[in-house]
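The values are calculated or read from the model by the stated rules, or taken from the named source; none is laboratory data. Here the structure is a predicted model, which is why all the values come from computation and not from measurement. Glycine also receives a Cβ, built like all others from the backbone with ideal geometry; neighbour counts cover every protein chain displayed.
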Amino acid sequence: MKAILYTSTSCPNCPAFRKLLREVAGELGLVEGRDFVEKLIDGENVKPGKRMNLEGMDIYIADSIVNITETPAAIGGQDFTIEALQYQIASTPALVVDGELAFIKDVPSRGELVEKLKA
C-alpha cells in the first residue's frame, strides 16, 4: 500500500489531516517514506533539508522520498500541482491510496481513514 497526502502550506484543514494520518499510520504499523508520504503542492519555495513549522507541527522538508532522513517529513522544493491534477485534485488536503483518490478537501473520521488504509 502506498499513500500520498497532498497538502498546502496555507490550507486550514491540512494540519488536522497531517496529524490524523500519522497517528493512524503509527497504529497500523505503516512507515513514513515507505508506506506513505506527504507532498506540499505549493512547496516550490520551501527549501529542502530544513525543518519547518506547519501549523504547529515541526516537519522536516525533503526533496524526495529517498531523502527523508527525519520524520515527520514532507516533500518540498518543487511544485506538485501537475502531479496532483493527474488525480483530479484541485484542493487540499487530499489523500491518494494505491493510485486512487480516497479523500479530498475534508478531513475524514479516524474510522474512515483506518478502513481506507487497511483495505
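Of note:
- When restricted to residues that are among the small types (Gly, Ala, Ser) and either crowded, with 18+ Cβ neighbours inside 10 Å or under 15 Å from Ile61 (Cα atoms) (or both), region 6-49 contains 5.
- On inspection, Met52 passes the criterion of being in contact with a Gly (Cβ under 9 Å, 6 or more places away or on another chain), at pLDDT below 95 and under 18 Å from Phe17 (Cα atoms).
- Unique residue being over 12 Å from the mean Cα position of the chain (by Cα) and surrounded by 20 or more Cβ atoms within 10 Å (Cβ to Cβ) when the list is Ile89, Ile75: Ile89
- Check on Thr7, of a type in the set (S, T, N, Q) and touching a helix residue (DSSP H, G or I) at 6+ places or on another chain (Cβ under 8 Å): yes
- Residue match in region 9-23 (condition: over 13 Å from the mean Cα position of the chain (by Cα), touching a residue at least 40 places away in the same chain (Cβ under 8 Å) and closer than 15 Å to Leu113 by Cβ): no
- Residues of region 82-115 classified as of a type outside the set (A, V, I, L, M) and more than 13 Å from Leu5 (Cα to Cα), total: 7
- The number of residues in region 72-92 that are at pLDDT 95 or above and among the β-branched types (Val, Ile, Thr) comes to 3.
- Here the strands (runs of 3 or more DSSP E) wholly within region 25-84 that include at least 2 residues being β-branched (Val, Ile, Thr) are 57-62.
Yes/no matrix, rows are residues, columns are (1) of a type outside the set (Ser, Thr, Tyr); (2) free of Cβ contacts under 8 Å to residues at least 40 places away in the same chain; (3) over 14 Å from Ser8 (Cβ atoms):
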residue	(1), (2), (3)
Gly56	yes, no, yes
Asp63	yes, yes, yes
Thr69	no, yes, yes
Ala74	yes, no, no
Thr81	no, no, no
Ala90	yes, yes, no
Ala94	yes, no, no
Glu112	yes, yes, yes
